[in-house]
Amino acid sequence: QLQLVESGGGLVQPGGSLRLSCVAPRNIFSVFSGTDMSWYRQPPGKDRELVATITSDRVTKYADSVKGRFTISRDNSKKRIYLQMNDLKPEDTAVYYCHQAYQDSRTYWGQGTQVTVSS
């Protein structure tokens, strides 16, 4: 029933690392490979913000706040995207959401995974 399912969140100390994963279980390979995928996050009490995007052509872009620390990637054969998060900071604490955009303007969200960076 879920279009996208995130995993990999948890509690980590400042300076630590986590790798988030998002799978699109309902997509066939050819469909998934043609979509643009993103990670968003929503810190407590704040608006949801774009963290990183990877297009169907594997062009990436990042929010200034995570440049040099986070890396988005995709594995089309597994219908997955990843967010490698290094040097985590308390301000990275948020619910992280996977986002998928189709060429026909359809968009989908995952349910989110909690990342907590303690001090």
- [ ] Taking only Cα atoms and a 10 Å spring cutoff, compute GNM fluctuations for the chain and point out the largest among SER105, SER33, SER56.
- [x] SER105
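Using per-residue counts of other Cβ atoms within 10 Å, averaged over each peptide, order 58-71, 14-27 from highest down.
14-27, 58-71
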TODO: Considering the options SER65, GLY110, LEU88, tell which one lies farthest towards the positive end of the dipole of the chain, charges being +1 on Lys and Arg and -1 on Asp and Glu at the Cβ, about the Cα centre.
DONE: GLY110
- [ ] Taking every Cα atom in the chain, find the radius of gyration and the maximum pairwise distance Dmax, and write them in Å.
- [x] 13.6, 43
Task: Long-range amide H partners of PHE70 with built H, under 5 Å - done: ASN86
Open item on the list: Which lysines, if any, have their Cα less than 21 Å from the Cα of LYS46, not counting same-chain residues under 8 positions apart?
Closed with: LYS67, LYS89
TODO: Report the net charge of residues surrounding SER73, where surrounding means a beta-carbon distance below 12 angstrom and charges are Lys +1, Arg +1, Asp -1, Glu -1.
DONE: +4
- [ ] Give me the percent of Cα-Cα pairs in the range 25-83 that sit more than 20 Å apart, rounded to a whole number.
- [x] 31
TODO: Quickly estimate the mean residue ellipticity at 222 nm for the chain, helices only: each DSSP H run with n ≥ 4 gives -39500 (n - 2.57), and the total goes over all residues, rounded to 500.
DONE: -500 deg cm²/dmol
Open item on the list: What does the extension gain come out to for ASP47 and ASP87, with contour length at 0.36 nm per residue minus their alpha carbon separation?
Closed with: 12.1 nm
Open item on the list: Could you check the spin-label model distance between THR60 and THR116? Points 7 Å from the Cα along Cα→Cβ, value in nm.
Closed with: 2.9
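Each reported figure results from applying straightforward, stated rules to the coordinates on display, with no laboratory input. Only a predicted model underlies this, so the values are computations on that prediction, with no experimental measurement involved. In this analysis, Cβ positions are derived from the backbone assuming ideal geometry, glycine residues included, and neighbour counts consider all displayed protein chains.
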